[in-house]
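Q: Could you have a look at this structure, given as structure tokens, before my questions?
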Amino acid sequence: MADLTPLPSASSKLRAMLAEDNAIVVCPGVYDGFTARLAIKTGFNILYMTGAGTTMSRLGAADLGLATMNDMRDNATMIANIDPKIPVIADADTGYGGPLMVGRTTAAYINGGVAAFHLEDQATTKRCGHLSNKQLVPASTFNSRIRAAAATRTQLSRDIVIIARTDALADHGYDEAVSRLKGAVECGADVAFLEGVRSAEEARKFCAEMKELGVPALYNCVPGGVSPLFDVQQAKNLGYKIVITPTLALGAVYEAVGKAFKDLKEAGETKGNAVAVRDLFESCGLKEAVEFDQSCGGKGFENGA
Ligand SMILES: C[C@](O)(C(=O)O)[C@H](CC(=O)O)C(=O)O
């Protein structure tokens, strides 16, 4: 009989990472199967699914609240199942409605195998946290979103790490933002995400306040946004426990693909950087897929591919 011992759940892996003293969880931002594969190939043991990237890649649209729960769930589920041993933290924006809907989103993410998700206090007409004039819901509405997530995991008796994100810093200041995060923790959130932190001093103060409560703090690194850019060591020294890099792959693709297309248009250059097609497929599991098919007696790849 084969060993069918269940794998540790994605959330329990993440909780173990967060419990490690003196460690920081470094999450490459991915937005599709290919970028997830590249991060895994690089050796990352955790991924972050960006909502901005999901919106841009699936809808060709800016991060303005256009992606629906179904868009986000489908992408998160696909990414979380490329290699279920690797936990995925996924953006869940506002949760997409009132408590009932947030409960449905939570169940969908749990069923998709997502380790953690973040829920924020923007209105449903949301935008990237590094854009201006954000509208917020009252703290009581934010709390009801977090409560709905916590109640759903209790009902299902299946864990997901809840990350509370507040966008209050920009227009309501530090005290209001931190009070919202503390309220969210009381409602069941496990991790605090202060969006758009404005200085190293503010970040240090925030991490210290969260540490006193035993709550890990998350740093969102967005070049061109409102926050200073800390590298991993700096973020760790400030007291952060998680770093996400939502636009890292988007920026790389923007530059590299932009150049390849420009070279084709302007110089008729067809081969770009000439990465071999087999190497591309190898990065997405070509060899393992063929081996699986062969090992089951399939005839399609008997002689390889
Ligand atoms: C974290 C974030 O929600 C995301 O979608 O990845 C964005 C990132 C971005 O738009 O650059 C955010 O910070 O709002």
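Q: Restricting to the chain, compute how many DSSP beta bridges are antiparallel as a %, nearest 5.
A: Details: 1 of 27 bridges.
Antiparallel bridges make up about 5 percent of those DSSP assigns within the chain.
Q: Rounded to the nearest Å, what's the spacing between the alpha carbon centres of region 235-263 and region 177-209? Just the number, please.
A: Cα centres, region 235-263 to region 177-209: 24 Å.
Q: If R0 is 22 Å, what FRET efficiency do you get for Ala256 and Ser132 from their C-beta distance, rounded to 0.05? Intermediate results must be reported in sequence, preceding the final value.
A: On the way: r = 29 Å, r/R0 = 1.33.
Calculated transfer efficiency: 0.15.
Q: Would you rank Glu266, Glu195 by solvent-accessible area, highest first, keeping every protein chain in place and using a 1.4 Å probe? Kindly include the intermediate steps, with their values, before the conclusion.
A: Numbers: Glu266 130, Glu195 5 Å².
The residues order as Glu266, Glu195, largest area first.
Q: With a Förster radius of 30 Å, plug the Cβ-Cβ distance of Ala61 and Ala276 into 1/(1 + (r/R0)^6) and report the FRET value to the nearest 0.05. Can you show the working numbers first?
A: Values: r = 33 Å, r/R0 = 1.09.
For R0 = 30 Å, the calculated efficiency reads 0.40.
Q: Given the protein chains as shown and a 1.4 Å probe, how many square angstrom of Arg104 are accessible, to the nearest 10?
A: So the heavy atoms of Arg104 present about 120 Å² to solvent.
Q: Now, a different point. Report the convex hull volume per residue for region 255-296, counting only C-alpha atoms, in Å³. All intermediate terms of the calculation are to be shown ahead of the outcome.
A: On the way: hull volume 2.8 nm³, N = 42.
Considering the Cα atoms of region 255-296, their hull volume per residue is 67 Å³.
Q: Still on this model: Considering only protein heavy atoms, what is the solvent-accessible area of Lys271 at a probe of 1.4 Å, reported in Å² to the nearest 10?
A: Estimated to the nearest 10 Å², Lys271 gives 130 Å².
Q: While we're here: Give, to the nearest whole percent, the P(r) tail of region 10-247 beyond 32 angstrom, counting all Cα pairs.
A: Values: 2454 of 28203 pairs.
Roughly 9 percent, rounded to a whole number.
Q: Still on this structure, I have one more. May I ask for the angle, rounded to the nearest 10°, between helix 69-80 and the longest principal axis of the chain, with both axes built from Cα atoms and the value confined to 0 to 90°?
A: Between the helix axis and the principal axis of the chain, the angle is about 60 degrees.
Q: Please give the per residue accessible area of the chain, computed with a probe of 1.4 Å over protein heavy atoms only, in Å².
A: Working: 15100 Å² over 305 residues.
Per-residue value: 50 Å².
Q: Oh, and also: Only Cα pairs within less than 10 Å get springs; with that Gaussian network setup on the chain, which residue of Val275, Val215, Val253 has the largest fluctuation?
A: Val275
Q: Which value does Rg/Rh take for region 130-195 over its C-alpha atoms, Rh per Kirkwood? Before the final figure, lay out each step's value.
A: On the way: Rg = 12.3 Å, Rh = 12.2 Å.
Taking Rh as the inverse mean 1/r over Cα pairs, Rg/Rh reads 1.01.
Q: Could you pull the accessible area for Arg15 with a 1.4 Å probe, rounded to 10 Å²?
A: Answer for Arg15: close to 80 Å² accessible.
Q: If the chain between Gln155 and Leu286 were fully stretched, how many nm would it gain, using 0.36 nm times the residue separation less the Cα-Cα distance?
A: Numbers: separation 131, 0.36 × 131 = 47.16 nm, distance 3.97 nm.
That works out to 43.2 nm of additional length.
Q: Count the DSSP beta bridges whose two residues both fall in region 108-214, then state the antiparallel fraction as a percent rounded to the nearest 5. Display every interim value, and only then the final one.
A: Values: 1 of 10 bridges.
Restricted to region 108-214, the bridges split so that about 10 percent are antiparallel.
Q: Using a probe of 1.4 angstrom, how much of the accessible area of region 255-296 is carbon and sulfur, in percent? Walk me through the numbers before you get to the answer.
A: Numbers: 2070 of 3460 Å².
Ligands and nucleic acids excluded, carbon and sulfur give 60 percent.
Q: Quick one: dipole size for the chain, taken about the Cα centre, charges +1 on Lys/Arg Cβ and -1 on Asp/Glu Cβ, in debye to the nearest 20. Mind showing how you got there, number by number?
A: Working: 31 positive and 35 negative charges, 58 e Å.
For this selection, approximately 280 debye.
Q: Please give the calculated 222 nm ellipticity per residue for the chain, where each DSSP H segment of at least 4 residues contributes -39500 (n - 2.57) and the sum is spread over every residue; nearest 500 deg cm²/dmol? It would help to have the intermediate numbers written out before the result.
A: On the way: 12 runs with 143 residues, N = 305.
Helices in the chain give a 222 nm mean residue ellipticity of -14500 deg cm²/dmol.
Q: Per the Kirkwood formula on distinct C-alpha pairs, the Rh of region 43-174 is how many angstrom?
A: Details: mean 1/r = 0.0673 Å⁻¹.
Computed over region 43-174, the radius equals 14.8 Å.
Q: Got a sec? What order do Leu194, Leu4 fall in by accessible area at 1.4 Å, biggest, i.e. largest, first? All intermediate terms of the calculation are to be shown ahead of the outcome.
A: On the way: Leu194 5, Leu4 125 Å².
Per-residue accessible area, sorted high to low, gives Leu4, Leu194.
The values are calculated or read from the model by the stated rules, or taken from the named source; none is laboratory data. All values reported here derive from a predicted model rather than from experimental measurement. Neighbour counts run over all protein chains shown; Cβ positions are idealised from the backbone, glycine included. In case anyone asks, the SASA skips ligands and DNA or RNA and just uses the protein heavy atoms, side chains included. Shrake-Rupley method; radii C 1.70, N 1.55, O 1.52, S 1.80 Å.
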